[in-house]
Each structure stands twice: as structure tokens, then as C-alpha cells.
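A.B. asks: Before I ask anything, let me first share the structure, which is written out below as C-alpha cells.
The values are calculated or read from the model by the stated rules, or taken from the named source; none is laboratory data. Please read these numbers as outputs of a predicted model, since none were measured by experiment. All Cβ positions, even for glycine, are placed from backbone atoms using ideal geometry, and neighbour counts span all protein chains on display.
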Amino acid sequence: MQFGVGVSTHIANWDIVRYAEELGYDRAWLGDSQMIWSDCYATLALVAQNTKRIKIGTGVAIAGTRIAPVTAHSIASINVLAPGRVFLGLGTGHTAMRVMGQDPVRVGELRDYLRVVRALLDGKAVEYSYRGRTREIELGHRSRRFVNLDQRIPIYVAANGPRVLAMAGELADGWMTVGGEPEVAGPKLACIAEGARQSGRTLPADFHTAFITTSCVLRPDDKLTDPRVVDETGAWIAAELHFVYELWKDMGRNDAMVPPHFQGIWPQYLEHVASMSLPEDKRFRQIHDGHLVYLQPAERRFITSEAIRSSALVGTPDELIERVRRFEAGGIKEVTLWPPMDCERKVLRDFAEYVMPAFR
């Protein structure tokens, strides 16, 4: 089992990845969301210069906000600074698109984007269409090391829906998802395997699987309602709540989209959204406030024991070790923690001290 850290990208907070490396974490995923965070590639450059071992990449790059050749050259530039340590996480853009009031990109767009980026990173010429004109393109000046394509850059696709999961099995080097319970990974891995089978591909042994969540190590007398527990998990759970709201709205306000651990607070949450100061067509700017960085004070009441238990890795050290073993048994190769910025070091340190040694 490998362990990773998710980072809400701040240009001056590159040191959190150096700290994670010092604690023994294997991989750092830097988020790409242009309206709420610093630029991920600028931050990755600083991370690359100040780390030696940890693998670094995007968590995840968004197909709708940069054209494919730009993404390819950006991650290949980082590979000059950290050769062989770089990966590209790629996704449709739940937050990066929604914080502009736009929808995530469609599966067909992501597929073509992946096709172009993969070919360019493999040093190949590839047909690329831009503004209705298709031309063959290729990354040049390789001998001058403007980019590094010599050490292969794996592409990991963020996926939850069946079509994107199948595409990951067909085209990607790995897959990442989010959640709290290990059992949710099984059906998704089956979709990936079926996508590979239908495309005539055999998944390689090193096909990577990462499960991103957050964690809080409990002391014997801690309760899930304790302020410390809410502080360390609340930003993650609120981000999931915002995601569920967007899906609920996209699916015609379908209550079947609301998971059991949010059903008890759902009417109150809808009242909360309706009371926001911006009109509905601008409200996306408030819904995602604090995304993975901090918990909005007005949303603290929605971080219930049920939500914490279902959405995060929370428990005593022995309980957490048992849950991670369940992830491992279910085919997950990496558990990645994405704590809120104000608690980053404590969450990462606690997990590294009390849980990770059981897997080393």
C-alpha cells in the first residue's frame, strides 16, 4: 500500500509536499482549479525543486480549462525538474468548471483530450483540432530539454461514472476516485476491467488505483462530534456535500442522488443554499466557497457523525489500519489524504505516525 497527500494548491505552500516526503508519503496530488487556487504547474515547479523522492503531479488537471497541447507541455516541463517522479492526473472538472458556472466536460471530450495528451507525452505526432481546423502537431526541441519525454509520464483518470471508468480501463495508466468506504471501489474496478477487456487491452500489473479521502486519528475518549474531529474532516465532507448538490440539481432535483449520510440534513442544506445572498445564476460562487481548504462556519452543522463516518477515514489507529487493509484487499494501491489547510500538518503527521508503519 502506498500513501499520498492531496494539496489545495497555494503557491507559497509548496513546503507541505516536502513535509509529506519527510513523513514518508509516496505521492502528492496538486489540485487544478483556477478560480480558487494558485496555478498548479507553478507550484509543482517549486515542489520539484525542493523534493527528492516523492512522486508529484496534478490532482487533477482539467480538460476544460487548458487545451491539450498546453497540458502536455506543462507536465513535461515539470518532468525536466523531477525526471521520473511526475504523473498527470486528468479529469472532467467538477469544481474547476462549476466555479465558473459551467458544466464539467463530456466523456467524449475527455477521451479526445486524453488521446492527444498521451500521444504528445509519448513523443508522437498526433492530429489535433482547434477552432475547426485539424493539423498534426508534435512537441519539439526535445534535444534542448525544454520538456522531458524520456521518462514516461503516466496518466491517471479521475472517474466515478461507468463511461469514464471504462475509458480509464481502455486508455489510462491508472485511476483515482473519492469516498470513505472501501467497498465502493469494487464495482468501479469492475467497470475499468470491462472497459479494458472490450478494447482488447490487458490491464498492466502497474495500473495504479488511488482512493482519496481524509482522516482523523481518534484518541480513546474522542467523539465524532468533537470540535477537533470536525475541524480535521469538515472541509472534505462539505466538498462532498457540494458535489452531491450539483449532481442532485443536474439530475432534475432527484432526491435519489442524495446518499444516506446526507439525507437527514438535506432539507436544511437546501434552505441554506436558498438563503445565500447571490441570485441563483451566480450562487455557484458561494456554494463552493472553502472547497477543500476550510469549512464555511454556516455549514458546520451539516458535518454530522453519520457524514464523518461514511466519508472519511476516522477511528483509532487499529481501526484505521483495518480499514486500509480492506482498501488493499479490494484492489486499491494508494490511500491519499486531503486535509483542510489549517490542519494539514497535524492530519498528515498523525496518520504517518499511527497508521502507515503497519504497511512498511
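A.B. asks: Take Ala185 and decide whether it is closer than 30 Å to Ile308 by Cβ and either surrounded by 19 or more Cβ atoms within 10 Å (Cβ to Cβ) or touching a residue at least 40 places away in the same chain (Cβ under 8 Å) (or both). Full working, then the answer.
C.D. replies: Numbers: closer than 30 Å to Ile308 by Cβ: yes; either surrounded by 19 or more Cβ atoms within 10 Å (Cβ to Cβ) or touching a residue at least 40 places away in the same chain (Cβ under 8 Å) (or both): yes.
Yes; evaluated as a whole, the condition is true for this residue.
A.B. asks: Failed condition for Gly89, given (1) in contact with a strand residue (DSSP E or B) (Cβ under 7 Å, 6 or more places away or on another chain); (2) in a helix (DSSP H, G or I); (3) closer than 19 Å to Ala159 by Cα, with all others met?
C.D. replies: Exception for Gly89: condition (2).
A.B. asks: Residue under question is Thr209, and the condition is that it be in contact (Cβ under 8 Å) with a residue 12 or more places away in the chain and closer than 30 Å to Pro267 by Cα; does it hold? Reasoning before the result, please.
C.D. replies: Details: in contact (Cβ under 8 Å) with a residue 12 or more places away in the chain: yes; closer than 30 Å to Pro267 by Cα: no.
When the stated conditions are applied, Thr209 does not pass them.
A.B. asks: Here's something else I'd like to know. (1) in a helix (DSSP H, G or I); (2) over 15 Å from Ile303 (Cβ atoms); (3) modelled with pLDDT of 95 or more: which one isn't true of Ala235, the others all being true?
C.D. replies: (2)
A.B. asks: Something else: Counting only residues that are outside any strand (DSSP E or B) and either polar (S, T, N, Q) or modelled with pLDDT under 95 (or both), which one in the stretch 1-49 is nearest to Leu320 (Cα to Cα)? Walk me through how you get there before you give the answer.
C.D. replies: Here is the first cut: in the stretch 1-49, the residues outside any strand (DSSP E or B) are 1, 8-26, 31-49.
This time we only want the ones that are either polar (S, T, N, Q) or modelled with pLDDT under 95 (or both), so: 8-9, 13, 33-34, 38, 43, 49.
Values: Ser8: 24, Thr9: 27, Asn13: 28, Ser33: 30, Gln34: 34, Ser38: 32, Thr43: 31, Gln49: 33 Å.
Per the stated criteria, the residue is Ser8.
A.B. asks: Being over 24 Å from Glu328 (Cα atoms) and in contact (Cβ under 8 Å) with a residue 24 or more places away in the chain is true for just one of Thr51, Thr58. Which residue is that?
C.D. replies: Thr51
A.B. asks: So, in the stretch 162-184, how many residues would count as being over 15 Å from the mean Cα position of the chain (by Cα) and either aromatic (Phe, Trp, Tyr) or more than 30 Å from Ser77 (Cα to Cα) (or both)?
C.D. replies: 6
A.B. asks: Something else about it: Residues Asp150, Asp222: which one is touching a helix residue (DSSP H, G or I) at 6+ places or on another chain (Cβ under 9 Å), without any contact (Cβ under 8 Å) to a residue 12 or more places away in the chain and in a loop (DSSP other than H, G, I, E, B)? Before you say what the answer is, go through the steps one by one.
C.D. replies: Numbers: Asp150 fails: without any contact (Cβ under 8 Å) to a residue 12 or more places away in the chain.
Residue meeting the stated conditions: Asp222.
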